[in-house]
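The values are calculated or read from the model by the stated rules, or taken from the named source; none is laboratory data. Computed from a prediction, not measured in an experiment: that's the story for all the values here. Counting neighbours? That spans all protein chains shown, and the Cβs are built from the backbone with ideal geometry, glycine included.
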Amino acid sequence: MTPIEHGIYPLLMRYQNRDEGVSWPSLKLLAKKSGYKSLGAISDAVSRLVKRGLIKRIRRGLGKSNLYSPTTYEEMCRIRSKNEEPPNNTDHLTEEPPWEYAQELTEDAEF
């Protein structure tokens, strides 16, 4: 992950509505809270997180912020199996789900 992705991912998790499992921060809010000024860089980082399979983006249309939700561990395994060759050992089976990783990041982050 790039430094900007490390900054954006925990923010998306922090602003998540626990009842619905989604967050909808604007790019401006993500820029303000992360310290990155460029909205284009923020947008690119979010797109890379989606491409990596860490989050899902639900587009709501022009003038509305997107919805974001964490990818479940099972979904991430499916994405990895489609995009990469399977590992030749079982280390990948013991990896923590991304949500636990996000919780660790947000606990240590200063907002």
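What to note about this one:
- Condition check for L93: aliphatic (A, V, I, L, M) and modelled with pLDDT under 85: yes
- Looking across region 1-55, the residues that are in a helix (DSSP H, G or I), closer than 13 Å to S69 by Cβ and modelled with pLDDT of 90 or more come down to Y9, L12, V46, L49, V50.
- Residues of region 52-66 that are among the charged types (D, E, K, R) and either exposed (fewer than 11 other Cβ atoms within 10 Å of the Cβ) or within 17 Å of G21 (Cβ to Cβ) (or both): K56, R57, R59, R60, K64.
Residues checked against (1) closer than 19 Å to G63 by Cα; (2) in contact with a Cys (Cβ under 9 Å, 6 or more places away or on another chain); (3) in contact (Cβ under 8 Å) with a residue 24 or more places away in the chain:
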{"position": "T2", "(1), (2), (3)": "no, no, yes"}
{"position": "H6", "(1), (2), (3)": "no, no, yes"}
{"position": "G21", "(1), (2), (3)": "no, no, yes"}
{"position": "L30", "(1), (2), (3)": "yes, no, no"}
{"position": "Y36", "(1), (2), (3)": "no, no, yes"}
{"position": "I42", "(1), (2), (3)": "yes, no, yes"}
